[in-house]
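The values are calculated or read from the model by the stated rules, or taken from the named source; none is laboratory data. Note that the coordinates shown come from a computational prediction; the quantities given were computed from them, not determined experimentally. Cβ placement follows ideal geometry from the backbone for every residue including glycine, while neighbour counts extend to all protein chains displayed.
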Amino acid sequence: MKKAAITGHPVSHSKSPEIHSYWLKQLGLEGEYGRVEVSPSTAMDFYQSLKDNGLDGCNVTIPNKEIAFEAAQHLDDAAKAIGAVNTLWLDEDGVLCGSNTDGLGFLGNLDQGCPGWDNNVNKAVVLGAGGAARAIIWALQQRGFNNIHICNRTFEKSKVLADYFGGNVSAQPWENRSTDLEGADLLVNTTALGMKGQPKLDIALDKLSKKAVVTDIVYTPLMTDLLKTAIERGNPVVDGLGMLLHQATVGFAKWFGQMPEVTEELRQQTIKSMDLEG
Ligand code: NAP
């Protein structure tokens, strides 16, 4: 029987076991997905001897994503571009392979929530320049965005990302986040702003075309103020929960051999267990 787990420190809050158990049951597959606390000091050894630790693969969460990146013997394009690994598996020769599935999760969520969102697109405005922004910028480049603006409170961090990803990505001052929306086909919030317990995201959408898609990767609450404002003015919106669910599909397929579906039932189950509307 194949075994996988969420690994990191801490892992007690993770919803991954519920998501993967749902798919194992739905697809009638034998398999197990658990939680393993792995401190950063033991992480390299742990990932390099996954099989000896009783696992065929795992997800990796903070603070071990960069260690998993170093531990993997083979990295896919997403992991290489993002510089961090959240999914590990052993291939048929026992080689430890790593991916970063956040970018694909982001794309899968928009494909499902707003089909056609990437038709004839050019400009995207990405708020934030942290780990999630890095994965999303990579993902947007895969879908042909030719003009990606990063607005981040700490300008130097957006500059580092823009330089890393190259010509079609530019760093913009945080103060310009409202005016910079002119001509954008997509607005993405990847900052922690708007999340439960965090300050509000202060942005005016007046300059944004009403056709532009607005998405927030914050999903606590599910309907952030940004998404509420966008809906009120008629923009298509996609909430961030689907990114969490879609990013998990890639690892599941690697470990258990079948690509699972992000169903409405799974989404509702997750909303209920996380009390996202409560
Ligand atoms: P991170 O690397 O810590 O980056 C945090 C970002 O938020 C940085 O750009 C930071 O700006 C900005 N920020 C934080 N507080 C701010 C404030 N008061 N004013 C302005 N900007 C502020 O975190 P991350 O991993 O990228 O995650 C970011 C958010 O996305 C979190 O809320 C996380 O839960 C969510 N997320 C969701 C998914 C999903 O599946 N839906 C996946 C990953 C992450 P500075 O650079 O100036 O500090």
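Among what's in segment 1-46 and is touching a residue at least 60 places away in the same chain (Cβ under 8 Å) and polar (S, T, N, Q), pick the residue that is surrounded by the most Cβ atoms within 10 Å (Cβ to Cβ).
S16
Which pairs turn up if I take residues in segment 230-244 that are among the acidic types (D, E) and look for partners that are part of a helix (DSSP H, G or I) with beta carbon separation below 9 Å, at least 6 apart in sequence or on another chain?
Close Cβ pairs satisfying both conditions: D239/N109; D239/G113; D239/L227.
Answer yes or no as to whether K200 is of a type in the set (K, R) and under 20 Å from A132 (Cα atoms).
For K200, the condition - of a type in the set (K, R) and under 20 Å from A132 (Cα atoms) - is met.
Of everything in segment 75-104, what is within 13 Å of the ligand (Cβ to nearest atom) and either surrounded by fewer than 24 Cβ atoms within 10 Å (Cβ to Cβ) or within 23 Å of N147 (Cβ to Cβ) (or both)? Give them in sequence order.
Within segment 75-104, I82, G83, A84, D102, G103, L104 qualify.
Name, by its number, the condition in (1) buried (at least 21 other Cβ atoms within 10 Å of the Cβ); (2) within 12 Å of the ligand (Cβ to nearest atom) that does not hold for A230.
(2)
Tally time: how many residues in segment 129-157 are within 8 Å of the ligand (Cβ to nearest atom) and either touching a Cys at 6+ places or on another chain (Cβ under 8 Å) or charged (D, E, K, R) (or both)?
3
Regarding L266, is this residue within 15 Å of the ligand (Cβ to nearest atom), within 13 Å of S16 (Cβ to Cβ), modelled with pLDDT of 95 or more and hydrophobic (A, V, I, L, M, F, W, C)?
Judged against the criteria, L266 is a match.
Check segment 53-74 and report whether any residue there is without any contact (Cβ under 8 Å) to a residue 40 or more places away in the chain and farther than 25 Å from A132 by Cα.
Checked against the condition, which is being without any contact (Cβ under 8 Å) to a residue 40 or more places away in the chain and farther than 25 Å from A132 by Cα, segment 53-74 yields at least one hit.
Applying the selection to segment 174-206, what residues are more than 11 Å from the ligand (Cβ to nearest atom), in a loop (DSSP other than H, G, I, E, B) and either under 18 Å from the mean Cα position of the chain (by Cα) or surrounded by 13 or more Cβ atoms within 10 Å (Cβ to Cβ) (or both)?
S178, G183, A184, D185, L205
Output the number of residues of segment 219-278 satisfying the condition of being closer than 29 Å to K51 by Cα and of a type in the set (S, T, N, Q).
Summing the residues that are closer than 29 Å to K51 by Cα and of a type in the set (S, T, N, Q) in segment 219-278 gives 3.
Do you know which residues across segment 66-78 are aliphatic (A, V, I, L, M) and closer than 17 Å to A253 by Cα?
L75, A78
If a residue must be outside any strand (DSSP E or B), under 16 Å from T61 (Cβ atoms) and out of contact with any Gly (no Cβ under 7 Å at 6 or more places or on another chain), how many such residues does segment 13-40 contain?
Residues meeting the conditions: 9.
With the condition being of a type in the set (S, T, N, Q), I'd like the helices (runs of 4 or more DSSP H) fully within segment 207-278 carrying at least 3 qualifying residues.
Fully inside segment 207-278 and qualifying: 264-274.
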